[in-house]
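Derivation of every value follows stated rules applied to the coordinates shown; laboratory data play no part. What you see is a predicted model, and the numbers here were worked out from it, not measured in a lab. As a convention, Cβ positions derive from the backbone with ideal geometry for all residues, glycine included, and neighbour counts pool all protein chains shown.
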Amino acid sequence: MIEEEAYVAEVAGDRVWIEKSRQSACSSCSQSCPSSLAGSLFTAKSVRLTVKTDLDLKPGDRVMVGLAEEVLAAGSFLVYLLPLFALFSGALFGKWLGGTDGSSALGGLLGLVSCFIGLKAAGVFERTHYQPMILRKID
């Protein structure tokens, strides 16, 4: 189980909005380099998520949020590797069908878009299985 500490920003019934400040690996480094500059310019300062819980929480409470490793691996596969496979498969199919670079690019784009449409239609992005859960309240 991957665990992170967060705080409750808002409560509405059984839904809780939690926030976690985002930290990069560069935050522990004292040197100034292009990576740390880019990280400070282009990263969001905090992440806000909606989590369903039975705990009695109020804004400002600190909580421990968890996500199972296998859920992270499965979610990463569905969001990163499956679309990449669809992109390459579509590009190869387009190249086979038309024989030109344009048909390959179009086939890749159609493969990628159809993969995301299929994932959306299957409800993968709305499943609570892939969302973190509040493990406990921290006193």
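For A121 and A68, a Förster radius of 25 Å and the Cβ-Cβ distance give a FRET efficiency of 0.50, rounded to the nearest 0.05. A Cα-only calculation for region 77-139 places Rg and Dmax at 17.3, 64 Å. Stretching the chain fully between F88 and K58 yields a gain of 6.1 nm (0.36 nm per residue, less the alpha carbon separation). Taking other residues whose beta carbon is less than 15 angstrom from the beta carbon of G107, and scoring Lys, Arg as +1 and Asp, Glu as -1, yields 0. Modelled spin labels at K45 and V79, positioned 7 Å past Cα toward Cβ, are 2.3 nm from each other.
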